[in-house]
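Report on the following structure.
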Amino acid sequence: SSSSSLRLTLFAPQIFCFQIYLGFQPFSVQLFLPFCLTMVCLVSRTGRHLQRYDDLGRRQVVGCIPYRYKRNSDGTLSTDLEVLVISSQKCQKMMFPKGGWELDESKEQAALRESIEEAGVIGKVECELGKWDFMSKRYGTFYEGYMFPLLVKEELPLWPEQNVRQRTWMSVKEARDVCQHWWMKEALDILVERLTSLQQHKEQNISTCL
């Protein structure tokens, strides 16, 4: 995008970097603050000048599955898993957050950025779920996609794409039924299998200690 924009990036707990974008040339100012704030830029990244492509010319995208565990009536965490799905910008089809992987970020940073921009959640990006090659039915082009889990720590009241997307917490079954992308469904299955295995391992360790 050629329009000017303001971006706030957190590099460390006490360092914020403001980047003023004038066309494609950024001007950066770092501020050293004596305290730590949760601050989120309310403007999504636009443009393709930083977009990554693989050796075959396929656009590389990164997505994530935001998840949490439901709370019991007494406030304790249950083992019931919920995932956050979002609507498409142009229709009400449901999916998980995803977007282009850019040159100035790691895959994990891209996953967190997309979660903030599209779903308005912050959390811990966990180990990669896998890589998928898929074709966009809309554009007829091929993509290389990576998916990550995001254990949600905070749900923001304001986020960049709140006016063009809906976000909804669902059970795994509900999310799998409504998700429009087969590769995201496969990523969800891998996440559920991973979390179930971890829970079983934890229960076995507890029983061994008794």
Region 152-184: number of residues that are among the β-branched types (Val, Ile, Thr), under 16 Å from the mean Cα position of the chain (by Cα) and within 18 Å of GLN89 (Cβ to Cβ):
1
Count of residues meeting criterion [over 27 Å from TYR143 (Cα atoms) and open to solvent by less than 70 Å² (accessible area, probe 1.4 Å)] in region 176-206
4
Taking GLN166, is it in contact with a strand residue (DSSP E or B) (Cβ under 6 Å, 6 or more places away or on another chain), surrounded by fewer than 13 Cβ atoms within 10 Å (Cβ to Cβ) and either touching a residue at least 12 places away in the same chain (Cβ under 8 Å) or of a type outside the set (Ser, Thr, Tyr) (or both)?
yes
For the list (1) open to solvent by 40 Å² or more (accessible area, probe 1.4 Å); (2) closer than 24 Å to GLN60 by Cβ; (3) without any contact (Cβ under 8 Å) to a residue 24 or more places away in the chain, I need the number of the one condition that LYS173 fails.
(2)
Quick one: how many residues across region 123-138 are under 20 Å from VAL172 (Cα atoms), hydrophobic (A, V, I, L, M, F, W, C) and open to solvent by 20 Å² or more (accessible area, probe 1.4 Å)?
2
Mind telling me which of the residues ALA119, ALA110 ends up being surrounded by 21 or more Cβ atoms within 10 Å (Cβ to Cβ) and touching a Gly at 6+ places or on another chain (Cβ under 9 Å)?
ALA110
If we keep just the residues of region 61-79 that are closer than 18 Å to LYS173 by Cα and more than 20 Å from the chain's Cα centre (by Cα), which is least open to solvent (accessible area, probe 1.4 Å)?
SER78
Under the condition of being surrounded by fewer than 19 Cβ atoms within 10 Å (Cβ to Cβ) and of a type in the set (Phe, Trp, Tyr), which residue from region 139-163 is nearest to VAL125 (Cα to Cα)?
PHE142
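The values are calculated or read from the model by the stated rules, or taken from the named source; none is laboratory data. Being a predicted model, the structure only gives us computed values, none of them experimental. With ideal geometry, Cβ positions are generated from the backbone for all residues, glycine too; neighbour counts draw on all protein chains shown. For accessibility, only protein heavy atoms count, side chains too; no ligands or nucleic acids. Shrake-Rupley method; radii C 1.70, N 1.55, O 1.52, S 1.80 Å.
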